[in-house]
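Colleague: Here's a structure for you.
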Amino acid sequence: MRPLKTLKRLYDENNQVVVTEKGSPPRVIFSGEDFLLEDLPLGTRVVFARSPLQGVPNPKAAIRWALNHPEGMDPLHALLRPGMKVTIALDDISLPLPPMVTPDARQTVLEIVLELLADSGVDDVHLIVATALHRRMTDAEMKRMVGEKIFNAFHPDRYYNHDAEDPDGMVELEHTAQGEVVALNRRAAESDLLIYVNINLVPMDGGHKSVGTGLSNYASLRAHHNPKTIRDSESYMEPSKSALHRSSDRIGRVIDQHLKVFHIETVLNNRMFDGPTGFLGKREEDFTEMDRLKFQGLRYTLSKLPRVAKRKLMMSIPAPYDIIAVNAGATEACHEKTLEACWRQYSVPVQGQSDIVIWGVPYISPYNVNSILNPLLVQVMGLGYLFNLNRGTPLVKKGGVIILCHPAYDEFDPEHHPSYIEFFNRLLPETRDAMVLEHKYEQEFATNPSYVHLYRKGNAYHGAHPFYMWYWGENGRQHVGKVIVAGAENNHVPELLGWERTDTLAEAIDLARGATGRSASITLVKSAPILQTDVRL
Amino acid sequence: MTAKAAFYDVDGTLVRTNIVHTYAYYAMNRGSLSGIAGRTLAAAAQVPLYAALDLINRKWFNEYFYRAYAGLSEDRLVVLGQEMLEDVLKPAVFPKAQDLIDEARRAGCRIVFITGALDFTVAPLAELLGADDVIANKMQFVGGIATGKVIPPIIEGANKAHAIRDYCVKHGLALDQSFAYSDSFSDYAMLAMVGRPTAVNPDVRLRSIARAYHWPVLDLR
């Protein structure tokens with residue numbers, strides 16, 4: 001047994017970075033709908049998320065306080081006049097991940113706001129899910145998000161999904177000074193007051209991005225959803241270093257000049273798991289015998305299930321998030337406070353970059369709730385989200401290696417991701433160059449009437465969406481020397497993505513060391529729960 | 001922008017009726033009681049034969065089926081075509097069909113209906129839904145009376161694909177940028193001919209093909 005002094009040096013409960021030594025426990029790593037249990041090489045850094053911050057003791061009181069003490073605006077009740085036209089926009093199902101236990105934070109906010117509106121004689125109220133080019137939420141999902149009472153009172157005439165392709169449903173405002181198109185949902189644009197109810201899970205969300213993206217259309221999104229803007233963003237998870245946010249801010253400021261927008265932003269902690277899966281939020285050093293038993297039980301169960309059933313099982317476990325902050329008021333002043341709360345929860349200081357960084361890719365992303373994490377989404381999780389979850393300095397060194405743990409199965413959901421299928425099978429064999437893809441094919445997919453129809457009338461992501469997924473990975477592609485998928489069950493998916501594959505994580509590490517040298521530094525990021533590394537050089 | 005078209009099969013794709021419904025309307029509006037009774041009973045008696053032929057070979061079905069029109073006058077058929085739009089076709093248009101056509105129009109497509117039905121039955125519907133052109137079967141008339149024969153080539157199966165190719169050549173449209181929509185496996189050739197095929201309300205065989213070839217699948221119902 002190691003002496004207490006050594007143990008204290010290796011691990012203490014306030015430290016988010018643990019160095020692997022002889023005797024360190026094996027790590028539980030997400031690999032799609034399964035888990036790996038892996039011993040890592042000695043010296044491997046393991047970065048953990050912070051413990052969940054304490055939620056506000058009374059969420060309803062916190063919301064009321066925020067509405068009465070907004071940043072840079074009068075209190076909400078002072079903005080209301082009898083007979084006025086109010087639109088409430090809501091973040092869609094892409095937030096939070098996994099969907100939270102009911103009541104959802106949006107329901108809690110709405111119950112207070114709708115009561116206030118009714119008391120103020122405001123009857124002309126519409127609720128719009130700010131989907132942008134995301135898929136329409138189903139009725140069941142919409143009901144779960146706001147609760148049965150609100151759903152029954154407003155749906156379908158006054159509670160519906162945004163439609164960015166409705167020719168009569170969009171209005172174009174003036175362009176920004178940089179010539180960016182500013183388009184907005186007509187109902188929202190013609191309202192006396194727009195209230196945006198947001199959930200901030202990562203710092204990329206919220207602020208001007210809420211309205212300027214969520215209620216806009218393809219023409220407006222093109223201004224910043226393009227490979228050049230992504231290349232110019234050091235990290236799109238760090239708004240101060242993101243060209244994406246600078247463009248979004250310019251668009252948002254034009255909107256704010258034309259329309260009174262009152263934001264209500266909620267920040268959640270990172271309590272993604274609880275009860276039977278609560279051990280997933282713990283460091284392995286903290287596992288009790290019961291946790292180990294639960295993990296083995298879960299792993300055994302998953303091993304006996306077909307993938308569809310595994311997915312269903314995992315998707316059916318909601319996250320017991322707590323609200324840790326509620327801010328309200330004008331866009332920028334409110335969002336500044338929101339970001340502070342986000343950093344408190346998500347930012348983890350890390351000393352120095354690594355030659356090799358390992359991420360487990362879980363079964364869920366913002367774009368496949370109740371669906372399949374298809375190869376393009378594995379790509380966006382690895383080179384987009386996980387790579388960008390930093391504050392401007394990537395965790396992996398320039399030219400380094402990323403190892404992603406995922407089966408990389410060739411499965412797509414034709415209901416949710418029809419255009420992804422064509423993108424993956426027709427375009428990627430021709431080129432992986434984001435600039436070429438944008439120039440040659442984006443418009444064609446965006447205007448394909450079948451995809452437009454599936455977006456408007458079905459539950460499909462817009463025809464342009466797979467391109468955005470590819471652009472999202474652009475920073476990562478430009479930065480790293482190699483991506484290896486550990487556990488990929490086929491050759492062609494990694495090959496089409498421009499990646500290499502191995503059967504096991506140990507083989508992937510060997511392969512990565514072949515490229516970076518035997519003394520390469522290795523870091524495993526244990527995400528989820530979500531964390532954002534603050535790399536100090 | 002490249003000139004392109006969107007080709008739509010009609011029966012089962014945009015409307016829930018098929019050519020048998022259409023003929024039944026003509027039979028029921030024969031003009032005299034004996035005519036109505038005669039044609040309706042004859043049509044009813046042949047339903048099993050029609051069904052079997054449709055199952056075996058759509059071309060045989062069309063050839064045999066259109067014999068039933070023999071003896072009907074051209075002007076009567078045209079007038080009834082207009083009435084049939086109101087009575088039969090308009091209520092049978094799928095709720096989202098007009099949206100799909102409008103979306104193709106906004107994408108810069110020329111809208112073309114391509115159907116095994118007879119031209120005078122489809123023309124009013126094409127006008128209603130805003131099609132630019134109709135490629136349909138044409139009945140042969142002698143002295144203003146239908147002979148029951150269709151002027152070849154009969155628009156069905158592979159001939160639909162040929163007709164689409166010829167249409168694109170004639171109008172300078174890019175076949176590989178054009179769209180085709182159908183509900184039936186019998187239209188596989190037409191769907192495979194264009195660059196952007198889509199299955200609409202597909203039957204089991206077409207759904208399976210669409211999934212295998214990664215074609216989008218729409219439901220307009």
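The values are calculated or read from the model by the stated rules, or taken from the named source; none is laboratory data. No experiment lies behind these values; they were computed from the predicted model shown. Please note: Cβ atoms are built from the backbone with ideal geometry, for glycine as well, and neighbour counts cover all protein chains shown. Each accessible area value is taken on the protein alone, full model and side chains, heavy atoms only, with ligands, DNA and RNA left out. Shrake-Rupley method; radii C 1.70, N 1.55, O 1.52, S 1.80 Å.
Colleague: Give the stretch A:525-537 a look and list any residue that's in a loop (DSSP other than H, G, I, E, B) and hydroxyl-bearing (Ser, Thr, Tyr), or say none.
Modeller: Listed by number, the list holds a single entry, A:Ser527.
Colleague: Check B:Ala126, B:Ala97 and return the single one that is open to solvent by less than 30 Å² (accessible area, probe 1.4 Å), within 14 Å of chain A (Cβ to nearest Cβ) and either closer than 21 Å to B:Pro197 by Cα or at pLDDT 95 or above (or both).
Modeller: None of the other options fit; the residue is B:Ala97.
Colleague: For the stretch A:63-98, enumerate the residues that are in contact with a strand residue (DSSP E or B) (Cβ under 7 Å, 6 or more places away or on another chain) and more than 23 Å from A:Lys260 (Cα to Cα).
Modeller: Within the stretch A:63-98, A:Leu95, A:Pro96, A:Pro98 meet the criteria.
Colleague: Sticking with this one: Could you name every one of the helices (runs of 4 or more DSSP H) located completely within the stretch A:138-225 that has at least 1 residues being among the aliphatic types (A, V, I, L, M), without any contact (Cβ under 8 Å) to a residue 60 or more places away in the chain and surrounded by 19 or more Cβ atoms within 10 Å (Cβ to Cβ)?
Modeller: The qualifying helices (runs of 4 or more DSSP H) are A:139-146, A:148-154.
Colleague: Step by step: first the residues of the stretch A:294-312, then only those that are hydrophobic (A, V, I, L, M, F, W, C) and free of Cβ contacts under 8 Å to residues at least 40 places away in the same chain, then the one that is farthest from A:Pro366 (Cα to Cα). Which residue is that?
Modeller: Looking at the filtered set, the residue picked out is A:Leu305.
Colleague: Any idea which residue in the stretch A:377-429 is nearest to the other protein chains (Cβ to nearest Cβ), counting only those that are of a type in the set (A, V, I, L, M) and in a helix (DSSP H, G or I)?
Modeller: The residue in question is A:Ile421.
Colleague: Another one. Mind checking which residues of the stretch B:184-221 are more than 9 Å from chain A (Cβ to nearest Cβ), open to solvent by less than 20 Å² (accessible area, probe 1.4 Å), touching a helix residue (DSSP H, G or I) at 6+ places or on another chain (Cβ under 7 Å) and among the aliphatic types (A, V, I, L, M)?
Modeller: B:Met190, B:Val194, B:Ala199, B:Leu206
Colleague: Counting just the residues of the stretch A:15-59 that are small (Gly, Ala, Ser) and more than 16 Å from A:Lys282 (Cα to Cα), which one comes out most open to solvent (accessible area, probe 1.4 Å)?
Modeller: Among those residues, the one meeting the criterion is A:Gly23.
Colleague: State whether one or more residues within the stretch A:359-375 are open to solvent by less than 20 Å² (accessible area, probe 1.4 Å), more than 19 Å from A:Ala49 (Cα to Cα), of a type in the set (A, V, I, L, M) and outside any helix (DSSP H, G or I).
Modeller: yes
Colleague: If you check B:Gly148, B:Gly116, which single one turns out to be under 22 Å from B:Thr22 (Cα atoms), of a type in the set (Gly, Ala, Ser), more than 14 Å from chain A (Cβ to nearest Cβ) and out of contact with any strand residue (DSSP E or B) (no Cβ under 7 Å at 6 or more places or on another chain)?
Modeller: B:Gly148
Colleague: Of everything in the stretch A:405-456, what is touching a strand residue (DSSP E or B) at 6+ places or on another chain (Cβ under 8 Å), within 18 Å of A:Tyr367 (Cβ to Cβ), open to solvent by less than 30 Å² (accessible area, probe 1.4 Å) and free of Cβ contacts under 8 Å to residues at least 40 places away in the same chain? Give them in sequence order.
Modeller: Within the stretch A:405-456, A:Leu454 is the sole residue that qualifies.
Colleague: Looking at the stretch A:255-287 only, could you name the residues that are assigned to a helix (DSSP H, G or I), of a type outside the set (Val, Ile, Thr) and more than 14 Å from A:Phe48 (Cβ to Cβ)?
Modeller: A:Asp256, A:Gln257, A:His258, A:Gly275, A:Pro276, A:Gly278 - these are the residues of the stretch A:255-287 that are assigned to a helix (DSSP H, G or I), of a type outside the set (Val, Ile, Thr) and more than 14 Å from A:Phe48 (Cβ to Cβ).
Colleague: Before we move on, is A:Asp92 of a type in the set (Asp, Glu), within 20 Å of the chain's Cα centre (by Cα) and either modelled with pLDDT of 95 or more or assigned to a strand (DSSP E or B) (or both)?
Modeller: Yes.
Colleague: Shifting gears a bit: Of all the residues that make up the stretch A:305-334, how many are under 17 Å from the mean Cα position of the chain (by Cα) and part of a helix (DSSP H, G or I)?
Modeller: 1
Colleague: Looking only at the stretch B:131-144, count every residue that is out of contact with any Asp or Glu (no Cβ under 7 Å at 6 or more places or on another chain) and open to solvent by 30 Å² or more (accessible area, probe 1.4 Å) and tell me the total.
Modeller: 5
Colleague: Among (1) open to solvent by 40 Å² or more (accessible area, probe 1.4 Å); (2) within 14 Å of another protein chain (Cβ to nearest Cβ); (3) more than 30 Å from A:Asp139 (Cα to Cα), where does A:Asn459 come up short?
Modeller: It is condition (3) that A:Asn459 fails.
Colleague: Which condition breaks for B:Asp166 when tested against (1) modelled with pLDDT under 95; (2) open to solvent by 20 Å² or more (accessible area, probe 1.4 Å); (3) within 22 Å of B:Phe120 (Cβ to Cβ)?
Modeller: All conditions pass for B:Asp166, except number (1).
Colleague: Still on this structure, I have one more. Is there a residue in the stretch B:171-183 that is away from chain A (no Cβ under 14 Å), buried (at least 17 other Cβ atoms within 10 Å of the Cβ) and within 25 Å of B:Ala70 (Cβ to Cβ)?
Modeller: no
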